[in-house]
Structures are given as C-alpha cells and as structure tokens.
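Computed from the coordinates by the stated procedures, all read-outs in this text should not be read as laboratory data. Computed from a predicted model, the values in this text were never measured in an experiment. Positions of Cβ are backbone-derived with ideal geometry, glycine not excepted, and every protein chain shown enters the neighbour counts.
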Amino acid sequence: MKQKIVSVGNPILRQKIKNVTTAKRKSKSFQKFLKDMVKTMYRANGVGLAANQVGVNQRALVMECDTNKRYPKVNSVELQTYLNARIVKYSKQKEKGWEGCLSIPGYRGIVPRSKWVTFEAITPEGKKVRKTVKGFEARIIQHEVDHLNGLVYVDQMPDLRSWSHLDEFNHHFKTKIKDRK
C-alpha cells in the first residue's frame, strides 16, 4: 500500500504516539505496514520515518542510510525497524548538524543533538533491544523518537537563524539536494 507522508500542521505530528501492543505487533497487517514504511522512506529519499509521519498512531519507526542523496556526507546506517522506542540516556556532549524532515519538505536547519544516546525498543519479531548509538545514527534515532513524542526538529533549534529553504542551502553549500515533492 502506498503511504502518504503527512506535512507539518497535521495534528498527528504533535501527539505523543501510543505504544504498539503485542497483538498489533504480531498481526500480518501491521507487519505489512512496517514493510510499507520502509518503501515509503526509500521513495522519499529519507533516512528515517516514524509511523505518525504516515498518519498512523503507533509507536514505530524505520531508519537506514546507505548512500542517501539528502545526506551525502554521512556514515552508513543499516536498515532498522523499532517499536515502542524510547531514549533512556543522552550524552551531555552535543553536536550541531544540519537536519531536514520528510514532513517539512524543502527546509534545513542546524540542530544540536547528543553525540550518543542509549535507547530501548522492541523489534518487529518481539526481541527487546537496548542499544547505544553515536554519530549520525544517534541523530536519526533522536529525530524519529522526537516525532513519536510529538516534536519536530525545528522544536530542537535554539537559534532559528540557520533555518533555510533548500534552494538557499544548495546555493550556499554548492549542493543539489532534493527533498520529496
């Protein structure tokens, strides 16, 4: 099923999203939904996608970065799908980096994020995960968990002066990055 990415302003992006139940996780329709989320992320050239970004109130996210056109100079991140993800520990050290969002197409901003985080989640197969990640992978998980908590990256920007339209970003950095249409 082709999923539509909702844009900022849609109320579901500002809700705290509910946990996935065991029964829901085991259902064939939900497993298909997760696979469709991955396809949607790929189609949009994203590196992460939360379920509420496709209008579904379920605490699920997918992420992967392998030669992504929107983030050409970052380390690869393997395909991962998590349910009921929550960050349990943040590093005090922060790192500024450019972020965009599939629900706010056409813009970028500098967002300070923890250099590393520890999160807990469940895999689609029901395995409990506790994982510490750093660098770009930590940035992605923070961005997606923010979505599941009703936040968008602009909420994390202490200084909006860096918030840029993608045309200006490309001009300034001599890039040709394109967001979803």
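Structure summary
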{"item": "Rounded to 5, the percent of DSSP beta bridges in the chain classed as antiparallel", "result": "100"}
{"item": "The stretch 94-178: trypsin sites (Lys or Arg not before Pro) falling in loop per DSSP and having at most 11 other Cβ within 10 Å", "result": "Lys127, Lys174, Lys176"}
{"item": "Charge context of Glu168, other residues only, Cβ under 15 angstrom, K/R +1, D/E -1", "result": "+3"}
{"item": "Length added when fully stretched, Glu168-Asn45, from 0.36 nm per residue minus Cα-Cα", "result": "42.3 nm"}
{"item": "Centroid-to-centroid separation of the stretch 116-140 and the stretch 1-68 [C-alpha atoms, Å]", "result": "16"}
{"item": "Per-selection Kirkwood Rh - the chain (Cα, Å, 1 d.p.)", "result": "16.5"}
{"item": "Percent of Cα pairs exceeding the 18 Å cut-off, where the set is the stretch 122-181", "result": "61"}
{"item": "Lysines with Cα under 22 Å of Lys28, excluding same-chain neighbours fewer than 8 positions away", "result": "Lys2, Lys4, Lys18, Lys39, Lys127, Lys128"}
